[in-house]
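Enquirer: Sharing a structure below in structure tokens format, with a few things to ask.
What follows draws every value from the coordinates through simple rules; no lab data is involved. Quantities reported herein were computed from a predicted structural model and do not represent experimental measurements. Cβ atoms come from the backbone with ideal geometry, glycine included; neighbour counts cover every protein chain shown.
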Amino acid sequence: MSINQNTSPTLEDIVSLCKRRGFVYPSAEIYGGLNGVYDFGHLGTLLKKNIRAAWLQSIQQAIPHGQIVQFEGPILGPQAVWEASGHLKNFHDPMVDCLNCKHRYRADEIDLNKPCPHCGIKNWTAPRQFNMMFKTHVGAMEDGSSVAYLRPETAQSIFINFKNIYTTSRVKMPFGVSQIGKAFRNEITPKQFLFRMREFEQMEIEWFCKKEDALAFYDTWCASRFAFYQSIGIRSSHTRLRTHEKDELAHYSTATSDVEYQFAFGWKELEGIAYRGDFDLKQHSEHSGKDLSVFDEETKTAYIPHVVECSVGVDRLFLTLFFDSYYEDEAEGEKRIALRFHPRIAPYKAAFFPLTKKQELQMKPIYERMVQAGYSVVYDESGSIGKRYRRQDEIGTPVCFTYDFESDMDMMVTVRDRDSMKQERIAIDRIEEFMKNLLK
Ligand code: GAP
């Protein structure tokens, strides 16, 4: 039987699979958990690593001859950074409390004309603004001079380092700076598992260019970012590019488009592409008193570069990949779950099985050769072959190789495809070539 259409998994299906197979665990679970924070097990860690690598490769190929340099800033930033960036003043969500049961909600997510969804009584506080940054103190003194914040986006550390990067990286305008790293938001209501977390990871690129070129680059980045999701196997029928209305724009943005994905809980933002103008560099230049302009040799004038930004969460893309890849069907009379991850994204690219314990001596060296060749692969000899297939299907391994009784004679193994469940025989000395083609 071939695999069914995607079976529209619920969020619960995905949370349960992630826990069962060691992708994601609730954080600090033995102490009752920490809302909006998650831990990643072995397979989750491999998946995240593949997501980061695919993203990095895609942005490096987005603009022909476009230079992109990498950057890693700190998680902590002094108050002055967030004053200049506008986050202290603007990075708020509206919040209301139910005076009866004390439940807290985002005011823009519930109908205040109706009773509290938790206790059924209508007794709301007036909505008030809640700043989502985590505040802390650096050093032993808790006075105003030691106030720092955990970054709510990775972008600001790039902006404040613009001059350092520009003068030391041998880049010419236009160019990009990319960063992958943790961001923190004290979300009023973290929800939908990895969709809205309090601690998460962002992949951001800031593309610096001249004002007159910025809108053309914005269009190029929108097209390229949209295409990225298909290149890693996400169905185009479930993604769309949506341009923000003027009243939706963030405080720094003059134009924004979101790549949206159709989750079980509706169309939601997966990635934001924003034309930030010269807002950030201008703000930091004014607040720090440092010149952040570049000199244009052609016109012999100095100017502050404009910025196009692309920003996506590693964890949100992780969740999207689960929703998009989750399939259910039947095999040998039993329910089968398969994650149809693109081979580049799959935690393991292949599994290697000896049919029985007797073939271990022959299969182990084949598996070891693939490890030495740099492939992320797994060896499994426990349980029936059917059970082993099922185990690999559920974690998204694209193919399984089995060394059986005939292999000694014909020097071939069976290769079984996760999606079609078809099997064919392949010469042992062609396995590496097969793996190369799989990952093309
Ligand atoms: N620097 C721009 C910026 O931070 P954003 O739209 O607030 O823009 C960018 O965030 C991306 O970061 C989102 O599209 C989403 O993928 C991810 N993201 C934002 N908040 C998140 C949260 N609370 N949990 C998980 N991912 C989040």
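Enquirer: Using only the alpha carbons of the range 254-319, determine the length spanned along each of the three principal axes and report them from longest to shortest in whole angstroms.
Expert: The Cα atoms of the range 254-319 stretch 53, 27, 19 Å along the principal axes, largest first.
Enquirer: Something else now. Quickly rank 173-184, 31-42 as a protection proxy: mean count of other C-beta atoms within 10 Å, highest first. Each step should come with its number before you reach the end.
Expert: On the way: 173-184: 19.6, 31-42: 14.5.
Result, highest mean first: 173-184, 31-42.
Enquirer: Among Leu17, Leu361, Leu47, Leu319, which comes first, then next, by fewest other beta-carbon atoms within 10 Å? Intermediate values should be presented prior to the final figure.
Expert: Values: Leu17 18, Leu361 10, Leu47 27, Leu319 24.
Final ranking by Cβ density, sparse to dense: Leu361, Leu17, Leu319, Leu47.
Enquirer: Please state the relative contact order of the range 236-338 as a whole percent: Cα pairs under 8 Å, 6+ residues apart?
Expert: Answer for the range 236-338 is 20 percent.
Enquirer: How big is the range 93-140 in terms of Cα radius of gyration and Dmax, in angstroms?
Expert: Cα only, the range 93-140: 13.9, 47 Å (Rg, Dmax).
Enquirer: Under a point-charge model restricted to the Cβ atoms of Lys and Arg (+1) and Asp and Glu (-1), what is the dipole moment magnitude of the chain relative to its Cα centre, in debye to the nearest 20? Present the calculation step by step, with values, prior to reporting the outcome.
Expert: Numbers: 56 positive and 60 negative charges, 92 e Å.
Its charge dipole is roughly 440 debye.
Enquirer: Sticking with this one: What does the charge count around Ile337 come to, taking other residues whose C-beta lies under 15 Å from its C-beta (Lys +1, Arg +1, Asp -1, Glu -1)?
Expert: On the way: positive: Lys19, Arg20, Arg21, Lys335, Arg336, Arg340, Lys387, Arg388, Arg390, Arg391, Arg418; negative: Glu12, Asp13, Asp324, Glu328, Asp329, Glu330, Glu332, Glu334, Asp393, Glu394, Asp419.
Summing Lys/Arg as +1 and Asp/Glu as -1 gives 0.
Enquirer: Let me ask something additional. Specify, per residue and in Å³, the volume enclosed by the convex hull of the alpha carbon atoms belonging to the range 348-438. If you can, show how the numbers build up before the last one.
Expert: Values: hull volume 7.7 nm³, N = 91.
Output value, Cα hull per residue: 85 Å³.
Enquirer: Separate question: Evaluate the relative contact order of the range 210-291 (contact order divided by residue number), counting alpha-carbon pairs under 8 angstrom at least 6 apart; express in whole percent. All intermediate terms of the calculation are to be shown ahead of the outcome.
Expert: Numbers: 89 pairs, mean separation 19.8, N = 82.
With pairs under 8 Å counted, the relative contact order is 24 percent.
Enquirer: Still on this structure, I have one more. What's the long-distance tail for the range 13-130, i.e. % of Cα pairs beyond 26 Å?
Expert: Working: 4037 of 6903 pairs.
So the pairs more than 26 Å apart make up 58 percent of the total in the range 13-130.
Enquirer: Quote the convex hull volume per residue of the chain, based on C-alpha atoms, as a whole number of Å³.
Expert: Numbers: hull volume 85.8 nm³, N = 440.
Here the figure is 195 Å³ per residue.
Enquirer: Related question: Kindly point out, ordered by number, any Cys in the chain whose beta-carbon has no other cysteine beta-carbon under 4.7 Å away.
Expert: Cys18, Cys209, Cys222, Cys310, Cys400
Enquirer: On to the next question. Would you mind classifying the range 293-366 by shape? Square roots of the alpha carbon gyration tensor eigenvalues, ordered a ≥ b ≥ c; an a/c under 1.5 is rounded, otherwise it is prolate if a/b is larger than b/c and oblate if not.
Expert: Details: a/c = 6.75, a/b = 2.42, b/c = 2.79.
Since a/c reaches 1.5 but b/c is at least a/b, the shape of the range 293-366 is classed as oblate.
Enquirer: What number, rounded to the nearest 500 deg cm²/dmol, is the helix-based mean residue ellipticity at 222 nm of the chain, given -39500 (n - 2.57) per DSSP H run of at least four residues and division by all its residues? Can you show the working numbers first?
Expert: On the way: 13 runs with 131 residues, N = 440.
Rounded to the nearest 500, it is -9000 deg cm²/dmol.
Enquirer: Counting pairs of Cα atoms in the range 178-262, how many percent are more than 19 Å apart? Kindly include the intermediate steps, with their values, before the conclusion.
Expert: Working: 2017 of 3570 pairs.
Taking all Cα-Cα pairs of the range 178-262, the fraction more than 19 Å apart is 56 percent.
Enquirer: At a temperature of 10 °C and a viscosity of 1.306 mPa s, determine how fast the range 85-191 diffuses translationally according to Stokes-Einstein, using the Kirkwood radius over alpha-carbon pairs as Rh; express D in µm²/s, rounded to the nearest whole number. Walk me through the numbers before you get to the answer.
Expert: Numbers: Rh = 17.2 Å.
Approximately 92 µm²/s, per Stokes-Einstein.
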